[in-house]
Structure formats: structure tokens, C-alpha cells
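> Following this message is one structure expressed as C-alpha cells.
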Amino acid sequence: MPYKKPNRPGMPPPPLAIPKGGELIGLVIKALGATNFDIFCSDKKTRRCSIPGRLKRRFWIKENDLVLVKPWPVQGDERGDVVWRYSIMDRELLKNKGFEIPK
């Protein structure tokens, strides 16, 4: 069994992923299977998004999770990639920083 470092109380939390360069905050409406999701984004559009191959096993996404979406260059209004999944604590931090959270 591999060695796992213990959690240290003095360690700072990981940095918050801020949307930049056309990225949007979205709320997962429905999980479609095979890493595909229907996501309602902060620009009031629903996109069918997928998790890229390099991130498939990094995080698990459920319905009502808050995610960071990067729209595709082609079909950007309909499709996109999930780049990050926010935790419950991150949701409050994003609200405090003034980002629009879809409901």
C-alpha cells in the first residue's frame, strides 16, 4: 500500500480556480454517463460538457455540483469541457468574490 502523507493543520488550502480566458461557472443539471453532463452555465446557456481524458480519474462529478467549464472553440454555445470541480466551501468564496453562481 502506498504511503500517504498525513494532513497537516498548518498547510494552506489549495488555491481557488478563478474563471479566466472565456471560462464559465456552471451547475451540473444531469449526468449522462461516460463522462458527459448537461451543465447550466453562468451565461444562461445549457451546454453538454465532458471531462477531458487527462482529468477523467482526477475528480468525480455528481448532479448539483459547481464546475468550471471551458466552451469549445467550435459549437461553443452547445458544447464544452469540465476543467475543475468546486467544493462547497469554494461556492461561498466565489460568491464573496462577486462571481455569478447559476441556480
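> Can you tell me which residues in the range 76-91 are surrounded by 13 or more Cβ atoms within 10 Å (Cβ to Cβ) and either of a type in the set (Phe, Trp, Tyr) or part of a helix (DSSP H, G or I) (or both)?
Matches in the range 76-91: Trp84, Tyr86, Asp90, Arg91.
> Same structure again: Looking only at the range 45-75, which residues are free of Cβ contacts under 8 Å to residues at least 24 places away in the same chain and either in a helix (DSSP H, G or I) or under 12 Å from Leu24 (Cα atoms) (or both)?
Scanning the range 45-75 gives Thr46, Gly53, Arg54, Trp72.
> Please indicate, with yes or no, whether at least one residue in the range 8-16 is surrounded by 15 or more Cβ atoms within 10 Å (Cβ to Cβ) and in a loop (DSSP other than H, G, I, E, B).
no
> In this structure, is Ile39 part of a strand (DSSP E or B), in contact with a helix residue (DSSP H, G or I) (Cβ under 8 Å, 6 or more places away or on another chain) and buried (at least 17 other Cβ atoms within 10 Å of the Cβ)?
No; evaluated as a whole, the condition is false for this residue.
Residue-wise test of (1) closer than 18 Å to Val74 by Cα; (2) at pLDDT below 90.
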position: Asn7; (1), (2): no, yes
position: Met11; (1), (2): no, yes
position: Pro14; (1), (2): no, yes
position: Pro19; (1), (2): no, yes
position: Ala31; (1), (2): no, no
position: Arg48; (1), (2): yes, no
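> Is it the case, given these coordinates, that Leu94 is assigned to a strand (DSSP E or B) and out of contact with any Ser or Thr (no Cβ under 9 Å at 6 or more places or on another chain)?
Considered against the rule, which asks whether it is assigned to a strand (DSSP E or B) and out of contact with any Ser or Thr (no Cβ under 9 Å at 6 or more places or on another chain), Leu94 comes out as no.
The values are calculated or read from the model by the stated rules, or taken from the named source; none is laboratory data. What you see is a predicted model, and the numbers here were worked out from it, not measured in a lab. Reconstructed Cβ throughout: ideal geometry from the backbone, glycine too, with neighbour counts over all protein chains shown.
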